Amino acid sequence: DHGVVQSFPDGAKIANELSKDGKEIKVIYGLEGYVFDDSDMESKDGEIDYKSKPTNHIILLAKNQEGLKNIYKLVSLSHLKYFYKKPRLPKSIIAKYRDGIIIGSACEAGEVYRAIVSGKSDDEIKKIASFYDYLEIQPVINNRFMVEAGIVDSNDDLRNFNLKVLEIGDALGKPVVATTDAHYDEPESAIYRNILMAGMGYKDAERGQGLYMRTTEEMLDEFSYLGDRAKE
């Protein structure tokens, strides 16, 4: 979920039902949040003027019961104190409640990827990436809109962005994770998401069927340009 945890009860129910059939299911509870950097913000009448700050995506995963409790705290705070169009979270508040939480850099809407695309220096990117426990890279099709919009010239540029993420992760000693960023189960299910997005006013609804749940083999094939690192 984005900004909320409404899927948690269903996740727990499904895992419980499958376990009755002898299948061991481990649910990793988490969400994709909206974070803004409040490190350089001045107080306005004693409060942060958070509405003026753009947000980036961030992944929060609970690794234990304390982490799950802290995620609930963060979701509550994002709605009750920092909500503006979206349930936002200041980076300082995430840092305060990060015990038991694994923090990921998210997709192209995350600040690490955006820093790379915008051409920031390696030192600047490393400073940004140091906040995260792991960094993410995703299939080329997920960011194909950059080619179509003329932001980059080709898919090779997108692969090079992923290689830069890997380089930054190695330099900081942080794991880099290839994620499929699945929004539906099978390729043909893309039509349902397209309908929903069109209804919400998005003009750039997905043209392909790329955000489905890939198999391990499909992911290894997608990231074959990483060589042996793909299996890692």
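Some observations on this one:
- Maximal additional length on extending the THR215-ALA15 stretch stands at 70.0 nm, based on 0.36 nm per residue less the C-alpha distance.
- Normalised contact order of the chain, rounded percent, pairs of Cα under 8 Å and 6 or more residues apart: 14 percent
- Added length on full extension, which subtracts the Cα-Cα distance from 0.36 nm per residue, ARG193 to ARG98: 31.0 nm
- Furthest towards positive pole of dipole, LEU80, VAL35, LEU60, structure part the stretch 19-152, Cβ charges: LEU80
- Nearest-20 debye value, the chain charge dipole, Cβ charges on Lys, Arg, Asp, Glu: 860 debye
- Percent of beta bridges antiparallel (DSSP, the chain, rounded to nearest 5): 55 percent
- Extension gain, GLN6 to ARG229: 0.36 nm times the residue separation minus the Cα-Cα distance gives 76.8 nm.
- Principal semi-axes in Å for the chain [√(5λ), Cα gyration tensor, largest first]: 27, 25, 20
- When each of LYS26/LYS86; LYS63/LYS85; LYS69/LYS91; LYS26/LYS127 is checked by Cα-Cα distance, pairs over 26 Å: LYS26/LYS86; LYS63/LYS85; LYS26/LYS127
- Fraction of accessible area attributable to carbon and sulfur, the chain (%, probe 1.4 Å): 49 percent
- The 3J(HN,Hα) values that the Karplus relation (6.51, -1.76, 1.60; θ = phi - 60°) gives for the stretch 97-111 are, in residue order, 10, 7, 4, x, 10, 9, 9, x, 7, 6, 8, 5, 8, x, 6 Hz. Gly and Pro appear as x.
- Taking θ as phi - 60° and the Karplus parameters 6.51, -1.76 and 1.60, the scalar couplings of the stretch 170-186 work out to 4, 5, 9, x, 10, x, 10, 10, 8, 10, 7, 6, 5, 10, 6, 7, 10 Hz in sequence order, x denoting glycine and proline.
- Sequence-ordered 3J(HN,Hα) estimates for the stretch 11-19 from the Karplus curve with 6.51, -1.76 and 1.60 and θ = phi - 60° stand at x, 5, 5, 4, 4, 5, 5, 5, 5 Hz, glycine and proline given as x.
- With each label modelled as a point 7 angstrom along the Cα→C-beta vector, the SER52-SER121 pair spans 2.7 nm.
The values are calculated or read from the model by the stated rules, or taken from the named source; none is laboratory data. Please read all numbers here as calculations on a predicted model, not as lab measurements. Every residue, glycine among them, receives a Cβ derived from its backbone with ideal geometry; neighbour counts consider all protein chains shown. In case anyone asks, the SASA skips ligands and DNA or RNA and just uses the protein heavy atoms, side chains included. Shrake-Rupley method; radii C 1.70, N 1.55, O 1.52, S 1.80 Å.
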